[in-house]
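> For reference, the structure I am asking about is given below.
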Amino acid sequence: ETSETIGETAGARASVRPGPLELGLSGAWRVAQPVPNAAFERFWAAGADLTLETASRVRAWVESGAGSSWADEDPADGKHATFGYGRMVAAWRLGGASRGAPYVEAFGSAGALDPDFTVKDDFVLENAVGLNGGRWKRWRGQIQLERSRASRNTPASLMDGEPEERRALLLQIGVSI
């Protein structure tokens with residue numbers, strides 16, 4: 001059963017941009033009900049990210065974070081899991097020098113999640129490669145191949161009924177309004 005989050009959730013992000021780099025720090029204080037009809041509890045999360053965007057159209061983004069979670073072995077025991085994650089994306093864009101300019105962009109990404117630091121072999125790993133194209137910051141089409149793999153002790157609630165290993169082809173269209 002997934003938790004329901006309510007309105008008392010608060011979060012903030014601050015960043016600085018020295019040149020082509022942007023460094024961000026974020027935090028959140030979430031209120032959720034881990035067990036239906038039980039008391040609402042507070043869960044924390046914090047993260048850091050680094051973004052690089054160069055004049056040559058190379059872009060990279062790295063993010064890492066940790067927090068407390070209700071997705072553990074026994075959500076009713078009052079002891080919550082501590083999770084950690086890391087993610088990176090790298091891309092190279094041809095064109096798209098200004099809003100509305102045509103562009104094509106190749107990208108790759110990789111990510112990892114450890115849903116509970118106290119449980120061994122519960123990682124979720126994901127990677128993807130793809131191609132974007134369209135009119136920069138107006139609309140884009142995307143094709144993406146992705147693969148995710150869950151270790152044997154990954155909580156079933158995180159896999160949403162998916163097998164331990166999943167491969168997918170995604171086609172997307174996005175429009176900026």
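The values are calculated or read from the model by the stated rules, or taken from the named source; none is laboratory data. What you are looking at is a predicted structure, and each value in this text was computed from that prediction instead of being measured. When we count neighbours, we look across all protein chains shown, and the Cβ atoms used for this are built from the backbone with ideal geometry, even at glycine. In case anyone asks, the SASA skips ligands and DNA or RNA and just uses the protein heavy atoms, side chains included. Shrake-Rupley method; radii C 1.70, N 1.55, O 1.52, S 1.80 Å.
> Given 37 °C and 0.692 mPa s, how large is the Stokes-Einstein diffusion coefficient of segment 50-150 in µm²/s, with Rh as the Kirkwood radius over Cα pairs?
208 µm²/s
> Here's another thing I want to ask about it. I'd like the distance between the alpha-carbon centres of segment 92-126 and segment 129-177, rounded to an integer number of Å.
9 Å
> Roughly how many debye, to the nearest 20, is the charge dipole of the chain about its Cα centre, given +1 on each Lys and Arg Cβ, -1 on each Asp and Glu Cβ, and no other charges?
Dipole magnitude for the chain comes out near 1380 debye.
> With the Cα gyration tensor of segment 117-177 in hand, give its eigenvalues times 5 under a square root as the equivalent ellipsoid semi-axes, listed largest first in whole angstrom.
32, 12, 10
> Sticking with this one: Leaving ligands, DNA and RNA out of it, report the carbon-plus-sulfur percent of the accessible area of the chain at a 1.4 Å probe.
Carbon plus sulfur share of accessible area: 59 percent.
> Using the Cα centre as the reference, give the magnitude of the dipole from point charges on the C-beta atoms of segment 72-177 (Lys, Arg: +1; Asp, Glu: -1; all else neutral), rounded to the nearest 20 debye.
1120 debye
> Would you rank Phe117, Phe107, Phe123, Phe43 by solvent-accessible area, highest first, keeping every protein chain in place and using a 1.4 Å probe?
Phe117, Phe123, Phe107, Phe43
> What is the ratio of the Cα radius of gyration of the chain to 2.2 N^0.38 Å, with N the residue count, to two decimals?
Cα Rg divided by the expected 2.2 N^0.38 Å: 1.20.
> Let me ask something additional. Work out the charge dipole of segment 41-177 with +1 on the Cβ of Lys and Arg and -1 on the Cβ of Asp and Glu about the Cα centre, then indicate which of Ser157, Tyr85, Trp139 is farthest towards its positive end.
In segment 41-177, that residue is Trp139.
> Right, something else. What residue among Trp139, Trp61, Trp92 shows peak mean-square fluctuation when the chain is described by a Gaussian network model with Cα springs under 10 Å?
Trp139
> Which one of Leu169, Val58, Ser69 is farthest out on the positive end of the charge dipole of the chain, using unit charges on Cβ (Lys, Arg +1; Asp, Glu -1) and the Cα centre as origin?
Looking along the dipole axis, the top candidate is Val58.
> Tell me, Kirkwood radius of segment 92-137 from alpha-carbon pair distances, in Å?
13.0 Å
> Using the Karplus equation 6.51 cos²θ - 1.76 cosθ + 1.60 (θ = phi - 60°), what ³J(HN,Hα) coupling, rounded to whole Hz, does each residue of segment 17-34 give in order, writing x for Gly and Pro?
For segment 17-34, the Karplus-derived couplings read 10, x, x, x, 9, 10, 10, x, 10, 9, x, 8, 10, 9, 10, 8, 10, x Hz, x marking Gly and Pro.
> Solvent-accessible area per residue for the chain at a 1.4 Å probe radius, Å²?
I get 62 Å² per residue for the chain.
> Under a Cβ-only charge scheme (Lys and Arg +1, Asp and Glu -1), can you give me the dipole magnitude of segment 23-70 about the Cα centre, in debye to the nearest 20?
Charge dipole of segment 23-70: 60 debye, to the nearest 20.
> Could I ask something else about it? Using θ = phi - 60° and the Karplus relation 6.51 cos²θ - 1.76 cosθ + 1.60, list the HN-Hα couplings for segment 47-58 in order, rounded to whole Hz, with x at every Gly or Pro.
Values, residue by residue: x, 9, 9, 9, 10, 10, 9, 9, 5, 7, 6, 7 Hz.
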